[in-house]
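Contents: one structure, followed by commentary.
The values are calculated or read from the model by the stated rules, or taken from the named source; none is laboratory data. Keep in mind that what you see is a predicted model, and the values were worked out from it rather than measured. No Cβ is skipped: glycine too gets one built from the backbone with ideal geometry, and neighbour counts run over all protein chains shown. SASA here: full protein model, heavy atoms, side chains in, ligands and nucleic acids out. Shrake-Rupley method; radii C 1.70, N 1.55, O 1.52, S 1.80 Å.
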Amino acid sequence: MRLSLFKYGLAILAMALFIKTVPAQERLPFPPQPSPSTAGPTIAESTYKPVKPVHHLPSDAPNIVIIMLDDVGPALPETFGGPIKTPTLSRIAEEGITYNRFHNAAMCSPTRASLLTGRNHHRVGFGQIAELANDWDGYTGHWPATTASMAKVLGYYGYNTAAFGKWHNTPAEQTTTQGPYDRWPTGRLVGFDYFYGFLAGESSQWEPAIVRNTTRIETPETENYHFTVDIADEAISWIRRQNALAPDQPFFVYWAPGASHGPHHIFKEWADKYKGRFDAGWDALRKEIFAKQKECGWIPKETQLTDRPETLAGWDDIPEDERAFQLRLMEVFAGFTEHADTHAGRLVDELEELGLRENTLIFYVWGDNGSSSEGQHGTISELLAQNGIATKIEDHIRALDELGGLDVLGSNKTDNMYHAGWAWAGSTPHQGTKLTASHFGGTRTPLAISWPKSITPDKKPRKQFHHVNDIVPTVYDVIGIEPPQEIDGVTQQAMDGISMVYTFDKADAPGRKQAQYFECMADRGVYTPDGWFASAWGPRIPWVPGLPAGIQNWNPDNDRWELYNINDDYSQAIDLSKQHPEKLDELKKVFAQEAKANLVYPVGGGLWSVVWSPQSAPSNPATVFNYTQDVVGVPEFAGPKVGARSNLVTVHLDLEKDSSGVLFALGAFSGGVALWVDEGKLHYEYNLFEIERTRLESNETLPTGEATIEVETRISEPRGSADVTLRVNGKEVAHGTVPRTAVLAFTANDSFDVGMDSYSPVSEAYFDRKPFRFNGKIDKLQIKYQK
């Protein structure tokens, strides 16, 4: 007992000493100022002296705007020699400065976590995307209190903060209406004042599941609705309110559209702007981009164009009867991307209109990772690849023709994504694509910074090596604040990033970045300040379908490392590992040190839920679900897996002669499961990503009055066939076999609903009647998993 008290006393003493040694300005929130008023028994005996406001920011603190697009490779923007028109990126570049050796973390959630905290992504728990998180320390997907976001810090200093668009940093299982909300954008561990967007990693741009702060809302019913337009409207409205109601407070806006992540959704007229532009194919496009990059001075003259990998098809390998499909996929992507950049420009226009542009510091991070090759051979339903379901292009073309042909691509009837060959062209001149941390095709992205008040425009690209974790330290440096050591009583981890302010007026200043590691699902690399880069491909190649044979026995110690001198080799074209084995060993040791210090171990931890333990991925742990008719909009990753696990669905309801509507639905038009009543019959559909649709209909008219409907699904094995039986009041009314089933999810951002089909409808049978609400009463719906 005495020992325990002694230890307790030491702990209190240590805490007191720590508090004394941490300067007040490095502890947040700032302590309240005591009132100078003197309170007596009566007003007459009291002296009133209001507290004078205390300002913790310089009077000229700039507004901060970060714009970041999604899944766009470094070679795409016309600004730097690419084929896609990017007027806003060009505008920011012309009005400011650019960086051609700036880097991200090769994947969505990791880059965003690093960008917003100034730390390496594993130390924020995002070594993997939120939907595939696990319990290894660097891969939890749970934002820790020790790595406060820039929004939280700036908020304590007096900024108003808002985020718009894609989020992708909330644990997937915590995204329901019941929270917990701690790690939502406006939650206490993150700290934005306002959020409007979607929480998942991707979404339909036509029918997104939108969140305003912590409230899920219906997709706005406006003519020609599109998510990118919506978040531009919302951001402009927020800036206007901020300027009207709090003009003396600076603001921070984080604007991150879903574009150009799959699904590639855009108005036909925007895709049509690129008709014929890519007819020569991706091999020719890559050569064309490479020449223009050199011509405009974006890449060094001595840069070499890296070869197409043997695992990736050349344009000449594509059959003639499939080329129109592949070309239209790229045209849609290009229109989608130009559209996003154009609407980013509306924010800049508004800043000009309100007289705020002069003292607004804009960071335009072109992409959160390289172009995505996850579309693999080209697809009308992009989550086929994530579910490991093999298809042929003829299957996609057949299904597309049934929906209306090539003009349907980009619409709300497809979740299309282009061939990996286009992603490779979008990574020119580098090797790799999104998910490749070992090569710059996955991690290198253009950055443009503009701040008219303090940055003189300069067309010469900055060539210092930098990373998204450098944005936060740069902002703090500009404002003149130190990274807090303590926030809300929690000691903060040190910053991994450094300020880039030293480059603002010195294009040729020597780089200051120290060692920087990269890792994404075991694909890895490390940079050292002498200009060397060592890297190793992981066991998966993102553009190759499925998992490689023997991956369960993969050992990172057996991976072959490469070595590049990137001072002279901008594109990682010349592997020097054999010429300089001692240098390679040195960098491998640096990677090991960085990996250990940053919670990267075990190498391959991001593959845990993909390869070795799918059950470890975030999901609802329940095996029995009891719902009522008011349970709608349950995010798929937090809902019941009625399409992936054997289960029994039991619905207790009242039926009338004119009963109609959805009883339950999971997923979207791009893939899902639904049960509905129509014209006196019971209907069921298993929609396997539009490629295979299995429909069942009851063989007799439904009774009236109280009834019990059952759907029993027996799945043979993961991705295997499913035996489905429909019963009404215990009597079998339909039976059939689903040839193949999904194993992961049908969608990233749609939902499970009772009594309706929210957002995108699962079946074409009621597509024009969505959300096709059930017009009767559902007393109870139970789902029970079966062995």
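If you take the residues of segment 270-279 that are without any contact (Cβ under 8 Å) to a residue 60 or more places away in the chain and in contact with a Lys or Arg (Cβ under 9 Å, 6 or more places away or on another chain), which of them is surrounded by the most Cβ atoms within 10 Å (Cβ to Cβ)? So that I can check it myself, show each step before the final result.
Pass one, segment 270-279, residues without any contact (Cβ under 8 Å) to a residue 60 or more places away in the chain: 275-276, 279.
Now restrict to residues that are in contact with a Lys or Arg (Cβ under 9 Å, 6 or more places away or on another chain): 275, 279.
Numbers: Lys275: 12, Asp279: 14.
My answer is Asp279.
Restricting attention to segment 203-216, the residues being outside any loop (DSSP other than H, G, I, E, B) and of a type outside the set (Ser, Thr, Tyr) number 4.
What are the residues in segment 192-237 that are in contact (Cβ under 8 Å) with a residue 40 or more places away in the chain, of a type in the set (A, V, I, L, M, F, W, C) and open to solvent by 20 Å² or more (accessible area, probe 1.4 Å), if any? Result: Trp206, Val229.
Residues that are open to solvent by less than 10 Å² (accessible area, probe 1.4 Å) and charged (D, E, K, R) within segment 132-191 comprise just one, Lys166. If the condition is being of a type in the set (Val, Ile, Thr), more than 29 Å from the chain's Cα centre (by Cα) and not in a loop (DSSP other than H, G, I, E, B), then segment 538-587 contributes no residue at all. In segment 455-475, the residues that are within 23 Å of Lys294 (Cα to Cα) reach residues that are in a loop (DSSP other than H, G, I, E, B) and of a type in the set (S, T, N, Q) with C-beta atoms within less than 6 angstrom, at least six apart or across chains, in these pairs: Pro461/Asn100. Taking segment 602-624 on its own, how many of its residues are in contact with a helix residue (DSSP H, G or I) (Cβ under 7 Å, 6 or more places away or on another chain) and loosely packed, with under 15 Cβ neighbours inside 10 Å? Total meeting the criteria: 1.
I'd like the full set of residues that are among the β-branched types (Val, Ile, Thr) and within 15 Å of Thr528 (Cα to Cα), limited to segment 550-601.
The answer is Ile566, Val590.
For segment 532-543, the set of residues classified as aromatic (Phe, Trp, Tyr) and either open to solvent by 30 Å² or more (accessible area, probe 1.4 Å) or out of contact with any helix residue (DSSP H, G or I) (no Cβ under 9 Å at 6 or more places or on another chain) (or both) consists of Trp532, Trp537, listed by residue number.
As for segment 683-706, it holds no residue that is out of contact with any Lys or Arg (no Cβ under 9 Å at 6 or more places or on another chain), small (Gly, Ala, Ser) and surrounded by 14 or more Cβ atoms within 10 Å (Cβ to Cβ). Taking the listed residues Thr222, Thr228, Thr214, Thr306, the one that is over 30 Å from Glu350 (Cα atoms), out of contact with any strand residue (DSSP E or B) (no Cβ under 7 Å at 6 or more places or on another chain) and of a type in the set (Ser, Thr, Tyr) is Thr306, with no other qualifying. Residues in segment 217-233 that are part of a loop (DSSP other than H, G, I, E, B) and under 20 Å from the mean Cα position of the chain (by Cα): Thr219, His226. Summed over segment 80-113, residues that are of a type in the set (Ser, Thr, Tyr) and in contact with a Lys or Arg (Cβ under 9 Å, 6 or more places away or on another chain) total 3.
Yes/no matrix, rows are residues, columns are (1) at pLDDT 95 or above; (2) among the β-branched types (Val, Ile, Thr); (3) over 19 Å from the mean Cα position of the chain (by Cα):
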residue: Ile97; (1), (2), (3): yes, yes, yes
residue: Met107; (1), (2), (3): yes, no, no
residue: Gly138; (1), (2), (3): yes, no, no
residue: Lys152; (1), (2), (3): yes, no, yes
residue: Gly155; (1), (2), (3): yes, no, yes
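Residues of segment 36-77 that are open to solvent by 70 Å² or more (accessible area, probe 1.4 Å) and either within 24 Å of the chain's Cα centre (by Cα) or aromatic (Phe, Trp, Tyr) (or both): Tyr48 alone. Whenever a residue of segment 315-329 is in contact (Cβ under 8 Å) with a residue 12 or more places away in the chain, its partners that are assigned to a helix (DSSP H, G or I) and among the acidic types (Asp, Glu), lying with C-beta atoms within less than 7 angstrom and at least six residues away or across chains, give the pairs Trp315/Asp283.
In the condition set (1) polar (S, T, N, Q); (2) assigned to a helix (DSSP H, G or I); (3) surrounded by fewer than 18 Cβ atoms within 10 Å (Cβ to Cβ), Thr337 is compliant with all but (3).
Looking at segment 370-463, the helices (runs of 4 or more DSSP H) lying wholly inside it that each contain 1 or more residues that are polar (S, T, N, Q) and open to solvent by 20 Å² or more (accessible area, probe 1.4 Å) sit at 383-386. Residue under question is Gln493, and the condition is that it be touching a Ser or Thr at 6+ places or on another chain (Cβ under 7 Å), at pLDDT 95 or above and more than 22 Å from Tyr364 (Cα to Cα); does it hold? Criteria met by Gln493. Residue-level analysis places Asp248 among those that are open to solvent by 50 Å² or more (accessible area, probe 1.4 Å), part of a loop (DSSP other than H, G, I, E, B), closer than 30 Å to Val478 by Cβ and not hydrophobic (A, V, I, L, M, F, W, C).
Condition check ((1) without any contact (Cβ under 8 Å) to a residue 24 or more places away in the chain; (2) buried (at least 24 other Cβ atoms within 10 Å of the Cβ); (3) part of a strand (DSSP E or B)) across all residues:
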{"site": "Thr737", "(1), (2), (3)": "no, no, yes"}
{"site": "Ala742", "(1), (2), (3)": "no, yes, no"}
{"site": "Asp757", "(1), (2), (3)": "no, yes, no"}
{"site": "Pro761", "(1), (2), (3)": "no, yes, no"}
{"site": "Asp768", "(1), (2), (3)": "yes, no, no"}
{"site": "Pro771", "(1), (2), (3)": "no, no, no"}
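To keep it simple, each residue is scored yes or no on (1) modelled with pLDDT under 95; (2) open to solvent by 70 Å² or more (accessible area, probe 1.4 Å); (3) of a type outside the set (Gly, Ala, Ser).
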position: Pro545; (1), (2), (3): yes, no, yes
position: Ala549; (1), (2), (3): yes, yes, no
position: Pro556; (1), (2), (3): no, no, yes
position: Leu563; (1), (2), (3): no, no, yes
position: Ala573; (1), (2), (3): no, no, no
position: His580; (1), (2), (3): no, no, yes
position: Lys583; (1), (2), (3): no, no, yes
position: Lys589; (1), (2), (3): no, yes, yes
position: Gln593; (1), (2), (3): no, yes, yes
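Scan Trp537, Trp608, Trp561 and give me the residue that is touching a residue at least 12 places away in the same chain (Cβ under 8 Å) and more than 30 Å from Met417 (Cα to Cα). I'd like the intermediate steps shown before the answer.
Numbers: Trp537 fails: more than 30 Å from Met417 (Cα to Cα); Trp608 fails: more than 30 Å from Met417 (Cα to Cα).
One residue alone meets the criteria, Trp561.
Residues that are among the acidic types (Asp, Glu), outside any helix (DSSP H, G or I) and farther than 19 Å from Gly73 by Cα occur at least once in segment 304-327.
Residue check: Ala344 meets all listed conditions (1) open to solvent by less than 10 Å² (accessible area, probe 1.4 Å); (2) out of contact with any helix residue (DSSP H, G or I) (no Cβ under 7 Å at 6 or more places or on another chain) but one, namely (2). Give the residues of segment 483-531 that are farther than 20 Å from Thr111 by Cα, open to solvent by less than 30 Å² (accessible area, probe 1.4 Å), outside any helix (DSSP H, G or I) and of a type outside the set (Val, Ile, Thr), sorted by residue number. If the condition is that a residue be farther than 20 Å from Thr111 by Cα, open to solvent by less than 30 Å² (accessible area, probe 1.4 Å), outside any helix (DSSP H, G or I) and of a type outside the set (Val, Ile, Thr), then Pro484, Glu486, Phe504, Ala507, Ala509, Gly531 are the ones that fit.
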